[in-house]
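Comments concern the structure below.
The values are calculated or read from the model by the stated rules, or taken from the named source; none is laboratory data. The structure presented is a predicted model; accordingly, all values stated were derived computationally and were not measured. Neighbour counts run over all protein chains shown; Cβ positions are idealised from the backbone, glycine included.
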Amino acid sequence: MAVDACKFSHMMLYSPRIKAPEYAKSGLRGHLKGSSQLPARIERETHFIIVGTTKGSFKSAEIKGGIGTISFSRKPAHLQMPFVSRQRLFESRIEQLEERFNKLVSSTWGYLFSERDIEEMRDLSKGMLEGSKKMRELAEQLQEADDEG
Amino acid sequence: MSKKSANLDRQIKCIKDCIEELKQQRHRFELLMIILRNSQQVLDQWTMQYIGLLEMKREVGLKLILLPQKERESLKEVLGSKTLEEHDNIIDESISQLVSEGRILTIAEMETALAKIDALIVELITCVNRIQQGEKAATRSAKEIILKKVAPIGLGLALVGVDIPSQSWPTVIGGTYIIYTASMN
């Protein structure tokens with residue numbers, strides 16, 4: 001069976017007793033959009049998700065994140081196709097994408113800003129934090145003075 | 001000096017201090033914009049990619065922004081008595097708005113926010129003058145400006161401040177968006 005779920009631990013054997021996750025094409029499109037927007041394209045992988053069941057068969061969505069395609073098909077239930085729950089798959093993919101994004105930011109940060117810029121940003125951020133704290137304290141003092149008056 | 005007059009002086013001092021602090025914060029924000037402007041193209045790309053991720057998070061009902069523990073502690077210290085969870089919701093709402101609009105916050109918009117902060121400073125100075133001329137309503141106006149506009153801007157600035165050293169670009173976007181929306185309201 002050509003099923004490549006992201007992690008084995010996220011896979012479950014299909015059973016008609018398991019309630020199928022609700023059909024949400026827009027969610028799948030969002031998943032694809034997010035995947036394809038990353039500059040470093042994700043390796044070609046395929047995911048099958050159960051999106052609906054009928055007597056003796058189930059409808060599945062095939063997502064190829066790397067090349068950005070989505071297709072739907074109907075499969076007989078006896079195939080016992082392993083499937084990943086939509087929620088689990090998305091959460092796992094989001095984690096992966098987020099990790100990649102953070103790596104991208106940290107690897108380019110040093111190229112993007114000079115040492116001097118980084119130093120200056122550190123000082124500015126320290127000042128912003130201290131300033132915000134002072135602003136909050138002043139707002140509280142003003143509130144107190146107003147309450148007393 | 002009567003108790004009433006001492007209290008009024010205390011309020012005027014608070015407002016004046018707040019104006020001074022806001023001026024300094026505005027200056028810091030402007031300097032940051034200057035640094036960021038030079039790298040706008042790359043930052044826009046980062047932002048667009050991150051918005052794609054946030055769309056997915058929203059789709060499956062995940063929290064949009066999760067601050068690391070160290071940043072949460074720093075922010076907790078700044079925000080004081082208010083619970084961080086409450087602010088988490090403000091951050092999430094702001095980011096959610098940006099994601100639903102499917103767009104990025106441009107440097108031009110951040111500059112608009114700077115202009116609005118300038119307008120707030122002028123408004124507060126006018127309030128101080130009015131208070132000194134004996135206008136009671138001016139104290140209430142100043143208080144409203146500080147609590148409803150200046151304080152949220154402070155939250156945005158704190159977020160930006162807390163995340164730049166840890167290179168958390170998404171929360172920089174969140175912070176600047178809060179500054180922008182708070183100043184535009």
Worksheet item: Just one of the numbered conditions (1) closer than 21 Å to B:E55 by Cβ; (2) within 14 Å of chain B (Cβ to nearest Cβ); (3) at pLDDT below 75 is not true of A:G66; which one?
Response: (2)
Worksheet item: Which one is modelled with the highest pLDDT, of the residues in the stretch B:20-34 that are surrounded by fewer than 19 Cβ atoms within 10 Å (Cβ to Cβ) and within 8 Å of chain A (Cβ to nearest Cβ)?
Response: B:Q24
Discussion item. Can you go through A:R88, A:R116, A:R74, A:R122 and tell me which one is among the basic types (K, R), surrounded by fewer than 14 Cβ atoms within 10 Å (Cβ to Cβ) and at pLDDT below 80?
Written reply: A:R74
Item to complete: Mind listing whichever residues of the stretch A:95-122 are among the β-branched types (V, I, T) and at the interface with chain B (Cβ under 7 Å from one of its Cβ atoms)?
Response: A:V105, A:T108
Discussion item. Just to be sure I understand, how many residues within the stretch B:62-73 are assigned to a helix (DSSP H, G or I), under 17 Å from B:W169 (Cβ atoms) and within 12 Å of chain A (Cβ to nearest Cβ)?
Written reply: 1
Worksheet entry | Any hit, the stretch B:36-55, residues being touching a Cys at 6+ places or on another chain (Cβ under 7 Å) and part of a helix (DSSP H, G or I) | no
